[in-house]
Amino acid sequence: MPRIIYDGQSYECKEQQSVLDCLTAHGVTVPSSCHAGICQTCMMQALKGNVPKSAQAGLKDSLTAQKFFLACSCYPDEDMEVMLPEAGVGKTTATVVDVTLLNAEIARLRLQPKAEFKYKAGQFTNIFKDAHTVRSYSLASVPGTDEYLQFHIRRIPNGLVSNWIHEYLKAGDEIEISNATGDCFYVPGNADQSILLIGTGSGLAPLYGIIRDALFQGHQGTIKLYHGCETPESLYLVNELRTLSSRYPNFSYTPCISGTCTPHNNVPGGYACGMVLDIALAENPELSSWRVFLCGHPRMVATGKKEVFFAGASMRDIYADPFENAAAASVQTIATAVAS
Ligand SMILES: Cc1cc2nc3c(=O)[nH]c(=O)nc-3n(C[C@H](O)[C@H](O)[C@H](O)COP(=O)(O)OP(=O)(O)OC[C@H]3O[C@@H](n4cnc5c(N)ncnc54)[C@H](O)[C@@H]3O)c2cc1C
């Protein structure tokens, strides 16, 4: 079995065990968040040994060349000596501008980065509560249009980082954030292409950035947003999105409620009733040549990817950000390991 050498200690890496799980099992703290190879929080650097290609998926060429890799998706085939990236690599300090509630469970966090912060609307960054507690959040702001970085943070019961942001962060606090990453953003060109965006809960955050980015860059094709929540109270930015759709005739917005109505009665005016994915696909059954964005609940995103593909969208036109969380991803990894 390969061994992982970290900080002068050597640890045996079991079969089907990632470097992250091996180190964590031996009491080594490695910052991590999604455990699914998406958020890049668990990035490490190899000093010796072969880095499997799959552990570098999504990393920039400049990082792969320096043998950086994602510990959660690194299943070594030989001994590796590894280290955490130097403190501060890929991080920026940002000052909290404000934290304001958008509804009872979602807060808007605005940040002013201290140094130049390059990003595209819809990408995500990792917010550090402390050196080891990190979570990913999507950028709802549009560079060049919005003065500050903007995030929509849903408060999760007992959630470490979301509650810290809701309860403790205040104007003037300084926090660390990572560089922006991810490929869920609007690419100009093909300005007549139709765009379908489907999100649940705070999955609206990247979509809110992407839609405004596309409209402000002069996208001419149809842009349709379906935002799903359980109750009308859980939806947010409803007025802003309705105003945007009255200003831009090519943009339409359908707020969907899954929990408190049936299709034939009890549907408040201006809302669609049912699961957001079902509604979006029933109204748009033919998606060949469309660009599609899916963000939010991991199950909706996974099912959505398959269904929009079967409706004709090409894989290269489907962009998805499942809001994975570490605990759920670990359960899934264990279930997969047990099943295999
Ligand atoms: C690429 C990416 C982008 C993301 N963007 C956003 C965003 O823009 N806005 C946003 O609010 N979140 C976003 N998330 C989710 C975010 O990273 C955290 O997972 C979430 O805020 C929970 O973190 P926490 O520390 O509060 O909870 P934790 O301390 O991690 O979890 C506490 C408990 O709550 C459970 N839990 C965690 N998340 C959820 C959930 N979503 N629903 C139900 N139970 C849960 C856990 O399983 C655990 O039992 C994104 C995730 C990814 C991977």
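Scanning region 271-329 for residues that are among the small types (G, A, S), assigned to a helix (DSSP H, G or I) and open to solvent by 20 Å² or more (accessible area, probe 1.4 Å) turns up A282, A302, A326, A327, A328.
So that you can scan it fast, the table gives a plain yes or no per residue for (1) more than 12 Å from the ligand (Cβ to nearest atom); (2) in contact with a helix residue (DSSP H, G or I) (Cβ under 9 Å, 6 or more places away or on another chain):
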residue	(1), (2)
K120	yes, yes
E167	no, no
S178	no, no
G182	no, yes
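Take A65 and decide whether it is open to solvent by 40 Å² or more (accessible area, probe 1.4 Å), in contact with a strand residue (DSSP E or B) (Cβ under 9 Å, 6 or more places away or on another chain) and among the hydrophobic types (A, V, I, L, M, F, W, C). So A65 fails the test. Candidates in region 134-168 are the residues that are of a type in the set (G, A, S) and more than 25 Å from V30 (Cα to Cα); of these, the one that is surrounded by the fewest Cβ atoms within 10 Å (Cβ to Cβ) is G144.
Residues of region 134-150 that are more than 6 Å from the ligand (Cβ to nearest atom) and at negative phi: V134, L139, A140, S141, V142, P143, T145, D146, E147, Y148, L149, Q150. Working only within region 209-230, note down all residues that are within 16 Å of the ligand (Cβ to nearest atom) and under 18 Å from Y271 (Cα atoms). Once the filter is applied, which keeps residues that are within 16 Å of the ligand (Cβ to nearest atom) and under 18 Å from Y271 (Cα atoms), region 209-230 yields L225, H227, G228, C229, E230.
The listed residues are I257, I195, I211, I223, and the only one of them that is open to solvent by less than 20 Å² (accessible area, probe 1.4 Å) and closer than 25 Å to D98 by Cβ turns out to be I211.
Within the set A131, A171, A107, the sole residue that is of a type in the set (G, A, S), more than 13 Å from the ligand (Cβ to nearest atom) and either open to solvent by less than 60 Å² (accessible area, probe 1.4 Å) or in contact with a Pro (Cβ under 9 Å, 6 or more places away or on another chain) (or both) turns out to be A131.
Among the residues of region 18-42, those identified as open to solvent by 30 Å² or more (accessible area, probe 1.4 Å) and either within 16 Å of the ligand (Cβ to nearest atom) or over 27 Å from N179 (Cα atoms) (or both) are T24, A25, H26, G27, T29, H35, A36, I38, Q40.
Filter region 47-63 down to residues that are more than 17 Å from C184 (Cβ to Cβ) and out of contact with any Asp or Glu (no Cβ under 7 Å at 6 or more places or on another chain) and give me whichever is modelled with the lowest pLDDT. Among those that are more than 17 Å from C184 (Cβ to Cβ) and out of contact with any Asp or Glu (no Cβ under 7 Å at 6 or more places or on another chain), it is S62. You will find that of P206, P232, P188, P249, the residue that is open to solvent by 20 Å² or more (accessible area, probe 1.4 Å), within 21 Å of P143 (Cβ to Cβ) and not polar (S, T, N, Q) is P188 and no other.
The values are calculated or read from the model by the stated rules, or taken from the named source; none is laboratory data. Values in this document were obtained by computation on a predicted structure and should not be read as measured data. Neighbour counts are summed over all protein chains in view; Cβ atoms, including those assigned to glycine, are modelled from backbone coordinates with ideal geometry. Quick note on the areas: whole protein, heavy atoms, side chains included, nothing else; ligands and nucleic acids left out. Shrake-Rupley method; radii C 1.70, N 1.55, O 1.52, S 1.80 Å.
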